[in-house]
Structure formats: C-alpha cells, structure tokens
Amino acid sequence: MASALCRTASRLRPVQMFRRLRASSDLLSPSSPSPACISDHGDFSLPRSMFTLSCGIERLRMDQRRLLSTSASGTTSKPSSGESETKSSGENEKSGGSEGSDGGGSDQKSDRASGKHARGAPVSWMSFFLLFATGAGLVYYYDREKKRHIEDINTNSKAVKEGPSAGKAAIGGPFSLIRDDGKRITEKDLMGKWTILYFGFTHCPDICPDELIKLAAAIDKIKEKSGMDVVPVFISVDPERDTVQQVHEYVKEFHPKLIGLTGTPEEIKSVARSYRVYYMKTEEEDSDYLVDHSIVMYLMSPEMNFVKFYGKNHDVDSLTDGVVKEIRQYRK
C-alpha cells in the first residue's frame with residue numbers, strides 16, 4: 001500500500017512542477033504589467049514584483065532539480081526493481097534448474113538403480129528353464145542317436161544287407177580241381193544239386209574250423225526242414241601245403257558229405273578270381289604261415305549259378321533258414 005502511494009506522489013510531482021513553471025512564465029510574459037506602466041501610475045510595487053520574479057525563478061530551479069532528482073530516482077529504482085526481478089527470476093530459474101537437475105538426477109539415479117537391479121539378476125527363471133530344456137533336449141537327442149547307431153551296427157553285424165538286383169551277379173564260373181579222393185572234377189560234376197562253397201585252408205587255427213562246423217550243422221538242418229540234399233564243398237586257398245591227402249583228412253573231421261578240393265597255385269588263383277575271393281599269405285616264419293582270406297559261403301543253384309552268399313555273422317539257424325527260403329523260392 002505504501003509503495004503504491006509513493007508511486008502516485010512521484011507521478012503527481014511533475015504535474016505540480018509544470019504548473020509552477022507555467023505560473024512563473026506568466027510573470028515573464030508580455031501580458032504582465034511592465035515596470036514602465038507601474039512607474040507611470042506611481043506604484044512602488046516594482047521591487048516587490050522583482051522579488052516575486054526572483055523567488056519564482058529560484059523556485060523554478062529547485063523544481064527542476066527535484067524533477068531531475070525524481071526522474072533519476074525513478075530510473076534508478078526501475079532498474080533496481082528489474083534487477084531484483086531478474087535476480088529473483090534468476091534465482092527461481094536456478095532453484096528450478098537445481099530442482100530439475102535434482103529431479104533429473106534423482107530420475108537418473110532411480111533409472112540407474114533400476115538398471116543395476118535389472119543387471120543384478122542376469123539369469124531369469126525363464127532363461128534358466130530354456131537353458132535346461134535345451135540341454136536336456138541335446139542330451140536326449142545324442143543318446144537316441146547313439147543307441148540308433150549301435151543298433152545299426154548290431155543289425156549290420158548280424159545280417160548282410162542285400163543290394164538292389166541289377167541282373168545276375170558275376171560270381172562263379174568254370175573250374176577244374178582235384179577232389180580229396182584224387183579225382184579231378186569240374187563245376188559240371190556238381191550240377192543237379194544245391195551246393196554251398198567255402199574257401200579256406202587246413203592250417204587255419206580257428207576261423208575255418210568254426211565255419212565248417214557251422215556249415216556241417218546247417219546241412220543236416222536243411223535236410224530236416226526241406227528234405228533237400230545240399231552238397232558242402234571246401235576249396236583250399238593254400239595249395240602249397242594242402243595236398244590231396246591233407247585235404248582228405250581235414251574234411252572228414254567235420255562232415256562225411258563234405259567234399260575237399262585243391263589244385264595248383266594257378267588253378268586256385270583262377271577259381272578264387274571267378275568267385276571274387278580274396279586270399280594272401282601273411283609273414284612267413286620258416287614253413288609256418290597263415291593265409292588271410294574272405295570268410296564267405298556261396299549258395300549255388302543246381303545249375304551252378306550263384307544265388308546268395310552268407311558271411312561270418314550268420315549262425316546255424318540263420319544260415320539254415322536262409323538256404324531253405326532260397327530253395328523254396330527257386331521251386332516256385
């Protein structure tokens with residue numbers, strides 16, 4: 001309220017000063033009575049008028065000084081008020097900025113805290129579950145593939161898979177060898193009956209005896225199941241040591257129907273090539289050596305045509321069933 005009154009008084013002062021200046025100008029204007037007129041009327045008011053004029057001029061100077069001081073004070077008060085307002089606004093801005101910075105800092109701190117909290121737990125339950133499920137799936141897949149691979153190996157070791165038929169196999173052919181009784185025979189002498197050929201040598205320590213025992217047992221079972229007589233034949237791949245007498249004594253140890261054949265190295269090489277049989281001597285120690293050879297039995301038809309082969313993985317029953325099956329299909 002007091003400040004409002006002060007502002008009103010300061011505004012009215014110039015108006016009052018203007019009025020005083022006007023009054024003093026009226027005293028100096030030509031319309032005012034001159035000293036001559038005054039002297040003519042014999043009025044001795046001239047000294048008074050001059051005194052009044054000097055007082056008006058003095059008052060005018062004082063009023064001008066006051067006006068100047070008032071205007072100066074007004075101008076100085078306005079910048080001060082503006083400065084105060086500016087300072088106050090600056091302080092407000094600073095306070096607002098500080099508050100904003102504090103608020104922003106608090107927000108940043110809260111964001112950082114939340115980020116730290118989020119980063120504090122890098123493995124959530126969901127990610128842990130997915131990791132566990134993936135690991136379990138890989139273990140299960142690996143175990144299943146391993147079992148399947150083992151089963152395939154076992155199956156392949158128990159049975160020889162047949163490939164697609166593309167005509168008759170180029171196995172077999174004419175030969176001329178010496179039978180264990182000293183008589184030379186050819187493949188034509190074996191025609192008319194089913195024949196199973198096996199290639200080996202009499203000095204074989206284990207493989208050949210095992211295979212010939214299996215062949216002898218299968219021959220008897222085939223006779224029981226199908227009533228067919230199958231002729232077992234043993235062909236030596238060691239002609240240097242397997243003489244006719246040696247072969248005769250050897251084959252009679254397994255089955256009375258087993259026929260033993262031998263011949264010269266060239267004849268053995270020829271028949272082995274015809275039946276795709278591999279054989280080779282191992283390291284020699286004096287006269288004692290072994291022969292590495294194919295372990296395969298060949299089923300030949302009554303026309304001495306190749307029908308099927310059976311590897312070492314067949315036992316007596318599978319060999320018997322396989323031969324009987326082929327014989328029955330042949331009859332149809």
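The values are calculated or read from the model by the stated rules, or taken from the named source; none is laboratory data. Computed from a predicted structure; not experimentally measured. Every residue, glycine as well, gets a Cβ built from its backbone with ideal geometry; the counts of neighbours run over all protein chains shown. Areas reflect the complete protein model, heavy atoms only, side chains present, ligands, DNA and RNA absent. Shrake-Rupley method; radii C 1.70, N 1.55, O 1.52, S 1.80 Å.
Observations on the structure shown:
- Global form of region 247-296, assessed from the alpha-carbon gyration tensor, a/c cut-off 1.5: oblate
- The residue 289 and residue 136 beta-carbon pair, evaluated with R₀ = 51 Å, returns a calculated FRET efficiency of approximately 0.35.
- Largest to smallest accessible area among 141, 289 [probe 1.4 Å]: 141, 289
- Each Lys or Arg adds one and each Asp or Glu takes one away; over the other residues whose Cβ falls under 10 Å from the Cβ of residue 221, this sums to -2.
- The simple Förster model, with R0 at 41 Å and r as the Cβ-Cβ distance, assigns residue 143 and residue 213 a FRET efficiency of 0.55.
- Cα gyration tensor category, rounded, prolate or oblate, for region 191-299 with a/c compared to 1.5: prolate
- Paramagnetic label zone (point 7 Å from Cα along Cα-to-C-beta, residue 274; backbone N under 17 Å) in region 174-215: 174-180, 183-200
- Here's how it looks for residue 194: its modeled amide H is under 5 Å from those of 231, which are all 5 or more places away or on a different chain.
- Site pair residue 221 and residue 150 shows an inter-label distance of 2.7 nm when each label is modelled 7 Å from Cα along Cα→Cβ.
- Projected label distance in nm at residue 330 and residue 243, using a 7 Å step from Cα toward the beta-carbon: 3.6 nm
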